[in-house]
1. So how strong a dipole does segment 10-112 carry about its Cα centre when Lys and Arg Cβ are +1 and Asp and Glu Cβ are -1, to the nearest 20 debye?
2. Seen from all sides and averaged, what is the projected area of the convex hull of the Cα atoms in segment 57-180, in nm²?
3. Sorting Leu76, Leu214 on the 10 Å Cβ count, fewest up front, what's the list?
4. Quick one: what are the phi-derived ³J(HN,Hα) couplings along segment 56-62, Karplus 6.51/-1.76/1.60 with θ = phi - 60°, whole Hz, x for glycine and proline?
5. May I ask for the percentage of alpha-carbon pairs in the chain that lie more than 24 Å from each other?
6. Which of Ile73, Ile202 comes first, and how do the rest follow, when ranked by fewest Cβ neighbours within 10 Å?
7. How far, in nm, would the chain grow between Arg114 and Thr80 when pulled straight, counting 0.36 nm per residue and subtracting the alpha carbon separation?
8. Hand me the chymotrypsin sites (Phe, Trp or Tyr not before Pro) from segment 46-123 located in a DSSP loop with no more than 10 other Cβ atoms within 10 Å, in residue order please.
Amino acid sequence: MGALPFVAGALRKVDKFLFNDTTVGIVRTFCSYTGAPPIVADLLALGTLLGAGFTADLAPEMGSNVSYASTEITDLSSATAAQATSEFVGLVGSEGGATLPAAACFMVNGGIARRYRGGHQKSFIPFGTQTDLLTDQEWEVASADGFLASWAAFQNIIPINAWAGSGIVENCNVSYYEGFTSVQNPVTLRWRNIPKLRVTPIVDVLQTYSYSPLVRFQTRRGILS
């Protein structure tokens, strides 16, 4: 599959979490902006604020087996636009209670104004300990409400602390694909659907956040070698 197209006026943030220092989980989100683009120094400054935001907003909702390893922020406008990675040491979850498996996640849905068929923005975040469970499959309502508020506060760090020269900065969703092309394997004769890449990605500002009351599981967490 070819390279993704550039997205004018958009940032991608990739937060990397570690579980017991061996298993990797990432959460990928986006922001749109107007005005002047950021430079590397701007992105590093935002990374410092995100590290502080983890301690204030996320750590109290995460078990002691979860640590915030790094955040990578990329301006998607061009191949030469700014990109910076901020790495962290010692940023660890502080919530008490028995820890959950690395695959267990709290799922946040990002709501947009545009209606369409297909996948919408979802973030799978390593919140919670055993004390936050109502059942083996459900979160306590009070815990889930707290998780959502904490995630919203963390996500608003970049929009609230935008760099000098920027205009409006908002959390957003970036849609790279629309529909499918059906392709038949000439050997097995089986058909599969290949996502069709948009020429110009669509950027939608996030209007709301909501959550799933069920504990979700990400089975593709990566193991560090």
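What follows draws every value from the coordinates through simple rules; no lab data is involved. Every value quoted in this text rests on a predicted model; they were computed, and no experiment measured them. No Cβ is skipped: glycine too gets one built from the backbone with ideal geometry, and neighbour counts run over all protein chains shown.
1. Working: 4 positive and 9 negative charges, 45 e Å.
That gives a dipole near 220 debye.
2. Details: hull surface 42.1 nm².
With the hull built on Cα positions only, its mean projection is 10.5 nm².
3. Working: Leu76 21, Leu214 13.
Final ranking by Cβ density, sparse to dense: Leu214, Leu76.
4. Working through the residues one at a time gives 7, 9, 9, 3, x, 10, 10 Hz.
5. Numbers: 12245 of 25200 pairs.
The answer is 49 percent, as a whole percent.
6. On the way: Ile73 24, Ile202 16.
Exposure proxy ranking, most exposed first: Ile202, Ile73.
7. Numbers: separation 34, 0.36 × 34 = 12.24 nm, distance 3.06 nm.
Contour length minus Cα-Cα distance gives 9.2 nm.
8. Details: sites: Phe54, Tyr68, Phe88, Phe106, Tyr116; in loops: Phe88, Tyr116.
The qualifying sites: there are none.
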